[in-house]
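The values are calculated or read from the model by the stated rules, or taken from the named source; none is laboratory data. These numbers come from a predicted model, not from an experiment. Cβ sites come from the backbone with ideal geometry, for glycine too, and all protein chains shown count toward neighbours. Ligands, DNA and RNA are excluded from the accessible area calculation, which covers all protein heavy atoms including side chains. Shrake-Rupley method; radii C 1.70, N 1.55, O 1.52, S 1.80 Å.
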Amino acid sequence: MASASARIILICSGKGGVGKTTLTANLGIALAQLGERTVVLDADFGLRNLDLLLGLENRIIYTAQELLAGSCRLEQALVKHKQEPNLALMPAGNPRMLEWLTPDDMKTVANLVAERADYVLIDCPAGVEQGFKNAAAACHEAIVITTPEMSAVRDADRVIGLLNSQGIKPVQLVLNRVRPKMVANQEMLSVEDVTEILALPLLGLVVEDEQVIVSTNRGEPLTLNGNGSPAARAYRNVARRLRGEEVPLHDPSRERRGLRARLLNKLGLAGN
Amino acid sequence: MPVLDFLQRLLGRQKPSGTLAKERLQLVLAHDRSDLNPELLERMRREILEVVQKYVEIDLDEGDVSLETEDRVTALVANLPIKRARPGGVEAAAG
């Protein structure tokens, strides 16, 4: 049985490439640093990458496949993080498992790892097909991550509809890769636009940050080494809010209003 | 933002693309959420107009039936300016 207190949270987006895996890795590290026993579960069996972002790709011996088959113990399959002992990875199994994997199988894996955890973060595959359905069946609550781009918001909306129909709640929103200057110039959907359209509470706001790419190259999530970059701070704040701490959200696009934006505003051409 | 775009916006000739994105999204999501395609909506619009016309004379050019969405609730909104009631009601219209 799962421990009564473990929170099993799905991290999903619908569209690929908006930052699910990066959020899972960084949030996992940040929660672990706050003293929470955290397991990140890679549910993207087709295109797994969570191991790579955490720098654990060379330490995988067993996967969810062996765990389900009963050919290894839970402690053997869980890959402990080198620098952050509160964090462990449950690696995705072989892509061929997708042929037979069921929602009940994912539930089994999630409940097994939940025995050893306060938080289980499930890195969901892109799309709304079987892989998503398997992962969604295993979670209690969800974080939807999107970028302020039309296609990403539309796909997020579809996913939110599916989560709602399955009675998963709360569902909270993380808005990723915001470019404050473009928002100030009204050339990008604003934070308010996206939260209004998707009608979800905002759990976090992450600005576009080159450091994310650098940290991925190194296999060291930004939150790992006390990095002070804007994205690292944003991920840590997501972790704190998730634990119920009140952390004010500040929208950098409101501060960085350029001369042009202010001029347009003054002339009443800015709209809402 | 290129200078030309900036001037266009300053002159009020062009909407900022962020505003345009929001408007387009709201429209497409209203359709996505209701699972109604434009063709079906058009058929429904025509049938609604037919029914309403039995009772009142409406301005067909001004009439508008569309989907709107707010807080994840989608509503069918009809705006049908009435010219006048049909004298004699349904019977007269049917006859």
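Structure above, values below:
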read-out: With Cα atoms, 0 to 90° folded angle of helix A:150-165 axis to chain A main axis; value: 50
read-out: Cα→Cβ-extended label distance, 7 Å offset, between A:E192 and A:E129, nm; value: 4.0
read-out: Restricting the range A:46-152 to chymotrypsin sites (Phe, Trp or Tyr not before Pro) in coil, as DSSP defines it, with at most 12 other Cβ within 10 Å; value: A:W100
read-out: Viscosity 1.306 mPa s, 10 °C: Kirkwood-radius Stokes-Einstein D of the range A:1-144 over Cα pairs, µm²/s; value: 109
read-out: Over the range A:160-239: Kirkwood hydrodynamic radius from C-alpha pairwise inverse distances, Å; value: 14.2
read-out: Interatomic Cα distance distribution for chain A, bins of 10 angstrom, percent; value: 7, 31, 35, 18, 6, 2, 0
read-out: Pair A:H250, A:N217: separation of 7 Å Cα→Cβ label points (nm); value: 2.9
read-out: Virtual spin-label span in nm between B:R13 and A:E99, 7 Å along Cα→Cβ; value: 6.1
read-out: Cleavage-rule hits, GluC sites (Glu not before Pro), the range A:80-176, DSSP coil, Cβ neighbours within 10 Å at most 13; value: A:E115, A:E129
read-out: Carbon plus sulfur fraction of accessible area for the protein assembly as shown, probe 1.4 Å, in percent; value: 50
read-out: Distance violations [Cα-Cα > 22 Å] among A:K15/A:K80; A:K169/B:K22; A:K20/A:K133; value: A:K15/A:K80; A:K169/B:K22
read-out: Förster radius 35 Å - calculated FRET efficiency between B:M44 and B:D5 (Cβ-Cβ, nearest 0.05); value: 0.35
read-out: For chain A, accessible area per residue (1.4 Å probe, heavy atoms of protein chains only), Å²; value: 44
read-out: Accessible area of chain B divided out per residue, in Å², using a probe of 1.4 angstrom; value: 69
read-out: Chain B: radius of gyration over Cα atoms, expressed as a fraction of 2.2 N^0.38 Å; value: 1.55
read-out: Helix A:20-33 axis, angle to chain A major axis (alpha carbon atoms, nearest 10°); value: 80
read-out: In the A-B interface, the accessible area buried, summed over both sides, Å² (probe 1.4 Å); value: 2100
read-out: Inter-centroid distance (Cα atoms) of the range A:121-149 relative to the range B:39-61, Å; value: 42
read-out: Average partner coverage of B:6-16, which counts Cβ from other chains inside 10 Å; value: 3
